[in-house]
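Here the structure is laid out as structure tokens; the discussion comes afterwards.
The values are calculated or read from the model by the stated rules, or taken from the named source; none is laboratory data. Just so we're clear, the structure is a prediction, and the values are computed from it rather than from any experiment. Methodologically, a virtual Cβ is constructed for each residue, glycine included, from the backbone with ideal geometry; neighbour enumeration extends over all protein chains shown.
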Amino acid sequence: MDVNTRGEPITMIVQKDFLNKLKDFGLNSYESKLWIALLSRGVSTAGELSDISNVPRSRAYDVLESLEKKGFIVMKVGKPIKYLAVPPSEVIERVKRKIQEDTDVKQKTLTQLKESETLDELNTLHTEGIKLVDPTDKSGAFRGRDKVHEHLSTMIKNAQKTITLVTSKDGLDRKFDALGNHLKKAAKNGVEIRIAATSPANKETVDALSKIATVKHIKETNARFCIVDNKELLLFLTDDKKIHKSYDCGVWLDAPFFVEYFGSLFEKEWKST
């Protein structure tokens, strides 16, 4: 067994630094350990790899077979069976090709689904089901800025008449990056867009958004929200200057009576600026 001066397996030392990073290759814990072990040896048997990786021998053969199917190793014919490590640079190319192939297949499947009767049936189920939903149930909470932006994009894509967006000066840049394309499409579809941000906002961002929306500066405020068609509201609950994006959170309401009242309060602020 390959060991260092303290008698520890060399692959165990390598694992401490790199094991977690190998998740990016799509490997589980046992696969990562055996691949690292084989990289350190170049060529080896299942028994040897089991010993230096601490993967049980009862699992080693199955895991090595999985690595072979994924293109990480090559099995050498002979007795005992030995395994040869594929160069990591080549592995990366193989992983990239596999991800691209899987993505292409999924996109094709989703495109076919979008044009199929199955989607019509699913939409019918949703339309009928939503009629049974109590108005107090049409709400949700989101944790993490990416999740909030994801729902915001859905609201904007579904907008029919109006979009009102209130954000901070830094939030304006983030909204432009995350939602800019959706806002442009909404504007092309005739949706009226109003955006209010605290100053001093980025001039380039303001100029770009001014081509598709009415943009105004408002007084310093921590309020951040979006109203769509005067019936849906997404309200951020945190101060974006004091919290990491992973802890940013918001609540969504589909409650026309409340949202209409909330919107009327903003109208006064909008007209006074």
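The residue pairs whose first member lies in the stretch 195-207 and is assigned by TED's automatic domain parsing to the domain that holds H217, whose second member is acidic (D, E) and at pLDDT below 90, and whose beta carbons are closer than 8 Å, counting only pairs six or more residues apart or on different chains, are A196/E269; T198/E220. For the stretch 241-255, a residue qualifies if it is in contact (Cβ under 8 Å) with a residue 60 or more places away in the chain and surrounded by fewer than 18 Cβ atoms within 10 Å (Cβ to Cβ), and the qualifying residues are K241, K245, S246, Y247, C249, V251, A255.
Among the criteria (1) over 17 Å from E267 (Cβ atoms); (2) of a type outside the set (A, V, I, L, M, F, W, C); (3) surrounded by fewer than 20 Cβ atoms within 10 Å (Cβ to Cβ); (4) in contact with a strand residue (DSSP E or B) (Cβ under 7 Å, 6 or more places away or on another chain), the one T198 does not fulfil is (3). Beta carbons closer than 7 Å, at least 6 apart along the sequence or on distinct chains, pair a first residue in the stretch 212-226 that is among the aliphatic types (A, V, I, L, M) with a second that is at pLDDT below 90 for I218/T198; I218/E269; I218/T273.
Within the stretch 161-176, the only residue that satisfies the criterion of being part of a helix (DSSP H, G or I) and more than 22 Å from the chain's Cα centre (by Cα) is K169. The set of residues in the stretch 233-257 being in a helix (DSSP H, G or I) and either under 16 Å from A223 (Cα atoms) or at pLDDT 85 or above (or both) consists of K245, S246, Y247.
A quick yes/no check of all residues on (1) hydroxyl-bearing (S, T, Y); (2) surrounded by fewer than 19 Cβ atoms within 10 Å (Cβ to Cβ); (3) under 20 Å from F262 (Cα atoms):
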{"site": "S139", "(1), (2), (3)": "yes, yes, yes"}
{"site": "K157", "(1), (2), (3)": "no, yes, no"}
{"site": "K211", "(1), (2), (3)": "no, yes, no"}
{"site": "D239", "(1), (2), (3)": "no, yes, yes"}
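Does L265 meet the test of being within 28 Å of the chain's Cα centre (by Cα) and of a type outside the set (K, R)? No, not satisfied.
The rows are residues; the columns are (1) at pLDDT below 75; (2) loosely packed, with under 11 Cβ neighbours inside 10 Å; (3) out of contact with any Cys (no Cβ under 8 Å at 6 or more places or on another chain); (4) part of a helix (DSSP H, G or I).
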{"position": "Q107", "(1), (2), (3), (4)": "no, yes, yes, yes"}
{"position": "T111", "(1), (2), (3), (4)": "no, yes, yes, yes"}
{"position": "L119", "(1), (2), (3), (4)": "yes, no, yes, yes"}
{"position": "L125", "(1), (2), (3), (4)": "yes, yes, yes, yes"}
{"position": "E128", "(1), (2), (3), (4)": "yes, yes, yes, yes"}
{"position": "T136", "(1), (2), (3), (4)": "yes, yes, yes, yes"}
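A count restricted to the stretch 28-75 and to residues that are touching a residue at least 40 places away in the same chain (Cβ under 8 Å) and part of a loop (DSSP other than H, G, I, E, B) stands at 4.
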